[in-house]
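Asks: Okay, here's the structure, questions in a sec.
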Amino acid sequence: MDNTDWINRSRAAVWHPCTQMKQHDTGALPLVPIDRGQGAWLYDFAGRRYLDAISSWWVNLFGHAHPRINAAVKDQLDRLEHVILGGFTHGPVVELSERLSALTGGALGHCFYASDGSSAVEIALKMSFHYWRNHGQPEKNQFLCLASSYHGETLGTLSVGDVGLYKDAYAPLLRQAATVPSPDARQAAAGETAADCARRVATALEAYLAVHHSSIAALILEPLVQGAGGMVMYDPEYLRLARARCDRYQVHLIADEIMVGFGRTGTLFAHEQAGIRPDLLCLSKGLTGGYLPLSVVMSTDEMFAAFYDDAITRGFLHSHSYTGNPLACRAALATLDIFAEDAVLERNRRFAERFTALLEPLVKHPQARHFRHCGMIWAVDIATDDPEFRLKFYREALQRELLLRPLGTTIYFMPPYILDDTEATLLAEGAVAALEAALEGSSRPLGEGLGVKA
Ligand SMILES: *Cc1c(COP(=O)(O)O)cnc(C)c1O
């Protein structure tokens, strides 16, 4: 089977996510068949390669086919592939829960598992409401979120999100959460620091909670970087203030670290940079190093205690079939081992300095605006009215062996933590070249194997 065969069969049988399928048929959005992955590279069936500069939808931390994660999953496969977690337990889920808790300094003592990020957010929302219900305050049944937030695409998570592209069609189905302004540092006034901006924007949160706190169960936010909303970055000061306001008004703070967790922002968890802890922490994407679907909601012992009772209905009666899957837990344990053994955060700091310098030509491009950087995430907005910019840039990047998917007119980089200097240079130089070509509108014809209809 060659590239074209896989493309044609996929177009006929697979309904691809987040995609207008017609664009795969017209070639506007080339469908790229992948045979195998190694390190930061993906290879198609003709041996053509792509640098995975977005970590395959923000999940892959240490590259593809990592020997230590592969070995852990293979070992687990011969021991126990899966077992019901209701009434049963197993080594990997116990060890993973203990180690995750230790990584929060014991502040979040219990782990509740699901298989994807959206389910983790659903769990956190249900837990928060149910906590207040068990406390005799069922009227605390509303949620508060930030403008530009993204927490997933199920009905419950869309209702606490603010990305119209994913949400607007389903508005009649949603019980919309209240929204307060985002502390987006791009909105800092002249002479204002990002921290000043965060303090100014937090007054809206304060004002909202002062009036409505008795009906609000939780504030949910993405610490430091709002991902799918456009790689919006903000100062940790906002998190400190949000924590203080939530304490004052008896509202839970849910940290959705599904994207920013596991070193993405420079610290293991993003909320650490504000010196705070949330009441509920949602983790997924990088949790298994990008290997297997797994998510977890970590809760304080106080949260857990509110459900601990003789009455079954005071318990948290939520479950998913693959909850705590042992293979996924072993991949997660191997991922935590790599963090512990390889000084990953230090290496990333050094890499980030070099890569930021390499991006200078992109930052200085006359149509580049608001370059921003946090840990292992870089983003820049491109001033263009071209509604096709996103697709043009995507195709031009693929032509240069790069997998980069702009969010609207925002180009971002979220590479795995293993790029060497050659790969970093290729990425930075290829991105500027792709930008220039996309803006010229002189898109070269698509190459063989890049989704052209046979
Ligand atoms: C990706 C993401 C989710 C949803 O996770 P899925 O596994 O795609 O359901 C939720 N919140 C944030 C911040 C995310 O980036």
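The values are calculated or read from the model by the stated rules, or taken from the named source; none is laboratory data. From a predicted model like this one, the values you see are computed outputs, not experimental measurements. No Cβ is skipped: glycine too gets one built from the backbone with ideal geometry, and neighbour counts run over all protein chains shown.
Asks: Consider residue 217 against the criteria (1) closer than 30 Å to residue 58 by Cα; (2) surrounded by fewer than 23 Cβ atoms within 10 Å (Cβ to Cβ); (3) away from the ligand (no atom under 16 Å from the Cβ): it satisfies all of them except one. Which criterion is unmet?
Replies: (2)
Asks: If you don't mind, another one. If residue 150 satisfies every condition in (1) among the hydroxyl-bearing types (Ser, Thr, Tyr); (2) within 13 Å of the ligand (Cβ to nearest atom); (3) surrounded by fewer than 19 Cβ atoms within 10 Å (Cβ to Cβ) but one, which is the exception?
Replies: Among (1) among the hydroxyl-bearing types (Ser, Thr, Tyr); (2) within 13 Å of the ligand (Cβ to nearest atom); (3) surrounded by fewer than 19 Cβ atoms within 10 Å (Cβ to Cβ), the lone unmet condition for residue 150 is (3).
Asks: Continuing with this model, one more query. Can you pull out every residue in segment 311-327 that is more than 14 Å from residue 75 (Cβ to Cβ) and not in a loop (DSSP other than H, G, I, E, B)?
Replies: Matches in segment 311-327: 312, 313, 314.
Asks: Out of the residues in segment 253-267 meeting the condition of being under 22 Å from residue 194 (Cβ atoms) and among the aliphatic types (A, V, I, L, M), tell me which one is farthest from the ligand (Cβ to nearest atom). Break it down stepwise before answering.
Replies: Going residue by residue through segment 253-267, those that are under 22 Å from residue 194 (Cβ atoms) are 253, 255-257, 259-261, 263-267.
So of that shortlist, the ones also among the aliphatic types (A, V, I, L, M) come out as 253, 255, 259-260.
Numbers: 253: 15, 255: 10, 259: 3, 260: 7 Å.
Residue satisfying both the conditions and the ranking: 253.
Asks: Here is a follow-up. Inspect all residues belonging to segment 65-85 and state whether any of them is assigned to a helix (DSSP H, G or I), within 16 Å of the ligand (Cβ to nearest atom) and more than 11 Å from residue 291 (Cβ to Cβ).
Replies: So far as segment 65-85 goes, no, none of its residues is assigned to a helix (DSSP H, G or I), within 16 Å of the ligand (Cβ to nearest atom) and more than 11 Å from residue 291 (Cβ to Cβ).
Asks: Further question: Give the number of residues within segment 103-126 that are within 16 Å of the ligand (Cβ to nearest atom) and more than 22 Å from residue 331 (Cβ to Cβ). Walk me through it before giving the result.
Replies: So the first thing to find is which residues in segment 103-126 are within 16 Å of the ligand (Cβ to nearest atom), and the list is 112-126.
Checking the rest, the ones that are also more than 22 Å from residue 331 (Cβ to Cβ) come to 122, 124-126.
The total comes to 4.
Asks: Next question, about the same structure. Taking residue 280 as the residue in question, decide whether it is in contact with an Asp or Glu (Cβ under 8 Å, 6 or more places away or on another chain) and in the same structural domain as residue 227 (by the TED database).
Replies: On the way: in contact with an Asp or Glu (Cβ under 8 Å, 6 or more places away or on another chain): no; in the same structural domain as residue 227 (by the TED database): yes.
Judged against the criteria, residue 280 is not a match.
Asks: Scan segment 16-59 for residues that are more than 26 Å from residue 389 (Cβ to Cβ) and in a loop (DSSP other than H, G, I, E, B) and report the count.
Replies: Number satisfying all stated conditions: 4.
Asks: Being more than 16 Å from the ligand (Cβ to nearest atom) and in contact with a Leu (Cβ under 7 Å, 6 or more places away or on another chain) is the requirement here; does residue 100 meet it?
Replies: In short, no.
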